[in-house]
Amino acid sequence: MKPTDTLNRPLRDLRISVTDRCNFRCTYCMPKGVFGRDYQFMPQDQLLSFEEIDRVARIFVSLGVNKLRLTGGEPLMRRELETLIELLAAIPGVDDLAMTTNGSFPVERIHSLQAAGLQRITVSLDALDDPTFMAMNDVDFPVKQVLDWVEASAAAGLSPVKVNMVVKRGVNEHSILPMARYFCEHGHILRFIEYMDVGSSNGWRLDDVVSARQISDSIHAELPIEPAQPNYRGEVANRYRYLDGSGEIGIIASVTQPFCGDCSRARLSADGKLYTCLFALAGADLRAALRDGASDAEIAAQVAAIWQKRTDRYSELRSASTQDLPKPEMSYIGG
Ligand code: SF4
């Protein structure tokens, strides 16, 4: 059975958060004022085990999912992640097994991740200059090491490597062009992400958003671009190619050009809750079913029923009144 939701959207992608911990404190995601030394992260016994994640992933694949992405927190904070990747890579029907990382761990890990079966890597990087990047990650982490991770991933064949840059007005918009130039020259796909109101701890304001239009205009003025067709239905980034044929960029315009109509993504939090939208206020507890002895067929029926009732289209409905809703934090739900 391949369920569709109330807006006729299939279930295709599963984003699996493996930990709510991160070694960065990006100001737009895990601000130190909230995620300080005393912050209580999830205890180990609340996290889904690798075997439980594998089981859930297989159930989702039976319902139509063919893309898996590991997220967090920072997924590499979870020990022996390669063991999980080996399990997921062995699931028949998974066409794409990817991971989003902040690129801060030793580059040697790339080889063990790839050997385990990881196919693609997306790296988050918000600026090319250390003062801006360090102010944003708030742990003084330098740009160079993240760039090394990008290059090493590409050299290992985990390509195309994508680089995600969250753009926040007054903080890193001056980095748009340097980032575009750098990654165009180095042959990697840079994706700009409009600053979003995920969670409730980052103090999001609409005024902080640099719109997709402003981003594409500023690039086009120096490096002419034109829109390109999406690679597949449901692709989150609007694609643009450089007119000189030197590559492409993407812009994820969740705020100014919502793309809920094609959204086929589900999210599994590290403690086993199923969220059908990045901005959903609550998740369904699959861990309870897993640990209470439910069969695969029973859990599949539970997931299918949730998906068939799905009405989510938060970004299309975003307004002043949705801003202060108690949405889960990105470090918990996965990006
Ligand atoms: S707001 Fe929710 S439904 Fe819309 S694209 Fe994002 S995750 Fe999908």
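The values are calculated or read from the model by the stated rules, or taken from the named source; none is laboratory data. Remember, predicted model here, so these are calculated numbers, not experimental data. So basically every Cβ, Gly included, is an ideal-geometry build from the backbone, and we count neighbours across all protein chains shown. Accessible surface areas use protein heavy atoms only, side chains included; no ligands, DNA or RNA. Shrake-Rupley method; radii C 1.70, N 1.55, O 1.52, S 1.80 Å.
Can you find even one residue in segment 53-63 that is within 29 Å of Ala89 (Cα to Cα) and in contact with a Ser or Thr (Cβ under 9 Å, 6 or more places away or on another chain)?
Checking segment 53-63: not a single residue is within 29 Å of Ala89 (Cα to Cα) and in contact with a Ser or Thr (Cβ under 9 Å, 6 or more places away or on another chain).
Pairs under 6 Å by beta carbon, first residue in contact (Cβ under 8 Å) with a residue 24 or more places away in the chain and under 15 Å from Asp20 (Cα atoms) in segment 73-100, partner part of a loop (DSSP other than H, G, I, E, B) and among the charged types (D, E, K, R), six or more apart or different chains?
From segment 73-100, the pairs are Gly73/Asp20; Gly73/Arg21; Met77/Arg21.
Restricting attention to segment 309-324, report how many residues are open to solvent by 80 Å² or more (accessible area, probe 1.4 Å) and assigned to a helix (DSSP H, G or I).
So the count comes out to 2.
Cβ-Cβ distance below 6 Å, separation of 6 or more or different chains: which pairs start in segment 18-42 with a residue that is closer than 15 Å to Gly199 by Cβ and end on one that is of a type in the set (Asp, Glu) and open to solvent by 30 Å² or more (accessible area, probe 1.4 Å)?
Once the first residue is closer than 15 Å to Gly199 by Cβ and sits in segment 18-42, its partners that are of a type in the set (Asp, Glu) and open to solvent by 30 Å² or more (accessible area, probe 1.4 Å) give Arg25/Asp138; Thr27/Asp138; Lys32/Asp138.
Please find, among Leu177, Leu190, Leu147, the residue that is in contact with a strand residue (DSSP E or B) (Cβ under 7 Å, 6 or more places away or on another chain) and either at pLDDT 95 or above or surrounded by fewer than 20 Cβ atoms within 10 Å (Cβ to Cβ) (or both).
Matching residue, one of Leu177, Leu190, Leu147: Leu190.
Tally the residues that are over 29 Å from Gly157 (Cβ atoms) and of a type outside the set (Ser, Thr, Tyr), restricting the search to segment 131-145.
Final tally of qualifying residues: 7.
Looking at Ile225 and the list (1) at pLDDT 95 or above; (2) within 16 Å of the ligand (Cβ to nearest atom), which single condition is not satisfied?
Answer for Ile225: the failing condition is (2).
Spot the failing condition for Glu298; the list is (1) acidic (Asp, Glu); (2) outside any loop (DSSP other than H, G, I, E, B); (3) within 16 Å of the ligand (Cβ to nearest atom), and only one is missed.
It is condition (3) that Glu298 fails.
Any residue in segment 275-292 that is open to solvent by 60 Å² or more (accessible area, probe 1.4 Å), modelled with pLDDT of 95 or more and under 13 Å from Val56 (Cα atoms)?
Yes, because at least one residue in segment 275-292 is open to solvent by 60 Å² or more (accessible area, probe 1.4 Å), modelled with pLDDT of 95 or more and under 13 Å from Val56 (Cα atoms).
Please specify each residue of segment 34-53 satisfying the condition of being surrounded by fewer than 18 Cβ atoms within 10 Å (Cβ to Cβ) and part of a helix (DSSP H, G or I).
First pass over segment 34-53, keeping only residues surrounded by fewer than 18 Cβ atoms within 10 Å (Cβ to Cβ): 34, 36-46, 49, 51-52.
Gln44, Asp45, Gln46, Glu51, Glu52 - these are the residues of segment 34-53 that are surrounded by fewer than 18 Cβ atoms within 10 Å (Cβ to Cβ) and part of a helix (DSSP H, G or I).
Identify, by number, the condition in (1) within 14 Å of the ligand (Cβ to nearest atom); (2) of a type outside the set (D, E, K, R); (3) under 20 Å from Ser211 (Cα atoms); (4) more than 16 Å from the chain's Cα centre (by Cα) that Gly283 doesn't meet.
(3)
Scan segment 65-121 residue by residue and report those that are open to solvent by less than 30 Å² (accessible area, probe 1.4 Å), under 24 Å from Gln145 (Cβ atoms) and part of a loop (DSSP other than H, G, I, E, B).
Scanning segment 65-121 gives Gly72, Gly73, Glu74, Arg78, Asn102, Gly103, Ser104, Leu118.
Being at pLDDT below 90 and within 16 Å of the ligand (Cβ to nearest atom) is the filter here; which residues of segment 237-256 pass it?
Residue satisfying the conditions is Ser254 alone.
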